[in-house]
1. What ranking do ARG70, ARG6 get, fewest neighbouring Cβ atoms within 10 angstrom at the top?
2. Can you work out ³J(HN,Hα) from phi for every residue in the range 15-24, in order, using Karplus 6.51 cos²θ - 1.76 cosθ + 1.60 and θ = phi - 60°, giving whole Hz and x for Gly and Pro?
Amino acid sequence: MSGSGRLQSDPLFQGLTRPTMILGVSYMYFVINAAVCLIFFINMQSFKVLFIVGPVVHLIGYLICLKEPRAIELFILKIQKGYKCVNRGYHGFTNSYDPY
């Protein structure tokens, strides 16, 4: 460790802890991008849409994953675990399944 008080990280450790990346986005986002492009292709019935929608959605994901590679997985986990109950106002602004 150096005397400057800063932590040093090994490039091997960083590589082993990163998620699987495809073209700069996480694998989960790549699958979501493919599903969005497939839906647009089915609705529009044109391959031209794939060349417009695909790169735009991928660029958005690339910018999101540039700072935090697991941003999409963390967002999906937040939606699954932290979603508030619809009738919170009736139960004193707590979720209806709360014990108190």
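Where a number appears in this text, it was derived from the coordinates with a stated rule and is not lab data. These figures come from a predicted structure and were not determined experimentally. Don't worry about glycine lacking a Cβ; one is built from the backbone with ideal geometry, like all the others, and counts go over all protein chains shown.
1. Details: ARG70 14, ARG6 7.
Result, fewest neighbours first: ARG6, ARG70.
2. x, 7, 9, 6, x, 5, 10, 10, 6, x
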